Amino acid sequence: MGVAGPFPGHAAGPPVPDMDRDEADRALARLGAEHEAIETSLLALQDHAGRRLLEGADLTGVTKERWASTDQAITLLWGYFDAYAGALAQARAVRARRRYPNRDDLVALTELLRGQGVTVAHAAARPDPSIAGPARLSERFTLEELVARMNELYARSLDMVVASDSVWSALPARIDLLAAELHRTRSLAHSVGVRPGEHPAGDDLEAITHELATLRVQVISDPLAFWLPGPGSSAPGGGRPDTARYDRAARALDDVRREIEAVLAVRQDAEQRLVQLRDVLSRADRTLTEARSARGEVLAKIAASEVPAVSGPATVLQERLAAASEYRRHAQWHRLSPLLETLEREAEEELLRARESLTAVTAPLAVRAELRGRLDAYKAKVARHGLAEDPLLIERYDAARRMLWSAPCDLRVAGQAVLRYQEAAAELLSQRRAPGPEDRR
């Protein structure tokens, strides 16, 4: 609820010993308008929603301390206003004595309107020395000084009331909305088995619930603890509510909501992911079986070769896959979600390891196949050049072939035999080309 701004200031003029009739009439008219403005502002402050809430709230902390001072300041404001109104009424009475005031009337009006003609008793003026300075039995003011004092107290009181009302208008409603969203999230979390002590998201929900409840109580009882004054702002209520704790709770709830959405996604596609996991582990087992079979063949056909051992099937992964199926069967989605993610990663790693094992085991067979292919390629080459019947080549070819097509095959010796055949073939081919003249055209 808005209220009027600071009271209008009393325009100071040069000191004049005696006012004439026109000056007195103008001053009384201005003071009358000023009186109405002050009264309107004070009534607006009295009816301000924030002031009424402060008056009836069970306050704590800094708000309690400042409201005690502000409540006294508002009482003091009304005391000042009554003194101001009394001085104005007295001046009006002097002016109303006669149509054309005499010198005594003008001297009295000058004292009332420009001099320190307003006396405020101590009981009304200074209930708390911290509000307006050291205590005195009474104080005397000019009307201008009295308005300045009222402006100061009014601005301080309004600032405190507006700040409290701004916090109460902003934070509790937002906290209630977030609490309602938290309640919906908790219900959804319980439906998928996310509960405190069983899942980290359930513990987070409990922490957020406690934080929101505590935050709301503190905001209601001590709103000024959640107020950030605006830098360099002198206007009453300049600043904004401090929403840092609320924002942290909102972000934490968003994180939990995403976690629960991930659990819900697991519930929707759990069967498909389990089928894919079984397929990946089955391929890994078949690959390992093939590697073990190939290892036996290599040991039987290849001599003097280091053949790595092949591990057995991934029984641990199979057991965890069975546990995942049980979680799905019993709708324990909060347990299934992290287990599926881990299993999918480890199953792919197991398949890659099985393929690497098969490659390592069959490497000697691949080397033998490469040597056989090289030997046959050179034989075809020398045949194209008419050297297939050369006795040396026939001898070396037969020796290399016997080694490569016999079991067990010594790859080192066979490789040397193939190399000797290549060298003999290259030498004969170079001799075949040597007698002819080189064509350099």
task: Any residue in region 259-275 that's within 17 Å of R345 (Cβ to Cβ): show its pairings with residues that are among the hydroxyl-bearing types (S, T, Y) and in a helix (DSSP H, G or I) at Cβ separation under 7 Å, as long as the two are six or more apart or on different chains.
output: A262/S337; V266/S337; L274/S325
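Within region 194-212, can you find the residues that are among the charged types (D, E, K, R) and either under 16 Å from I260 (Cβ atoms) or exposed (fewer than 13 other Cβ atoms within 10 Å of the Cβ) (or both)? Before the answer, list the steps.
First, pick out the residues of region 194-212 that are among the charged types (D, E, K, R): 195, 198, 203-204, 206, 211.
Result: R195, E198, D203, D204, E206.
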field: Residues of region 70-98 satisfying the condition of being hydroxyl-bearing (S, T, Y), crowded, with 18+ Cβ neighbours inside 10 Å and at pLDDT 85 or above
entry: T70, Y80
- prompt: Scanning region 412-431 for residues that are open to solvent by 20 Å² or more (accessible area, probe 1.4 Å) and free of Cβ contacts under 8 Å to residues at least 24 places away in the same chain, which turns out nearest to K381 (Cα to Cα)?
  reply: A426
- line: Per the filter on region 269-307, residues within 12 Å of S357 (Cα to Cα) and of a type in the set (A, V, I, L, M, F, W, C) are A284, L288, A291, A294, V307
message: Within region 242-256, does at least one residue satisfy the condition of being over 24 Å from T185 (Cβ atoms) and under 44 Å from the mean Cα position of the chain (by Cα)?
response: yes
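Can you pull out every residue in region 312-331 that is in a loop (DSSP other than H, G, I, E, B) and either aliphatic (A, V, I, L, M) or surrounded by 20 or more Cβ atoms within 10 Å (Cβ to Cβ) (or both)?
A314, A331
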field: Flag for I220 being at pLDDT 90 or above, on the phi < 0 side of the Ramachandran plot, open to solvent by less than 20 Å² (accessible area, probe 1.4 Å) and in a helix (DSSP H, G or I)
entry: no
message: Based on this model, can you work out whether L281 counts as assigned to a helix (DSSP H, G or I), open to solvent by less than 40 Å² (accessible area, probe 1.4 Å), of a type outside the set (K, R) and within 30 Å of R186 (Cα to Cα)?
response: no
query: Could you list, in sequence order, the residues of region 347-379 that are more than 30 Å from L411 (Cα to Cα), crowded, with 18+ Cβ neighbours inside 10 Å and of a type outside the set (A, V, I, L, M)?
result: E350
message: When you scan region 180-193, do you find a residue that is among the hydroxyl-bearing types (S, T, Y) and either open to solvent by 50 Å² or more (accessible area, probe 1.4 Å) or assigned to a loop (DSSP other than H, G, I, E, B) (or both), even just one?
response: yes
query: Which of (1) open to solvent by 20 Å² or more (accessible area, probe 1.4 Å); (2) of a type outside the set (S, T, N, Q); (3) closer than 30 Å to K64 by Cα; (4) assigned to a helix (DSSP H, G or I) does R257 not meet, given it meets every other one?
result: (3)
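The values are calculated or read from the model by the stated rules, or taken from the named source; none is laboratory data. Keep in mind that what you see is a predicted model, and the values were worked out from it rather than measured. Ideal geometry is used to build each Cβ from the backbone, glycine not excepted, and the neighbour counts take in all protein chains shown. The protein model used for the area step is the full one, side chains on, heavy atoms only, and it has no ligands, DNA or RNA in it. Shrake-Rupley method; radii C 1.70, N 1.55, O 1.52, S 1.80 Å.
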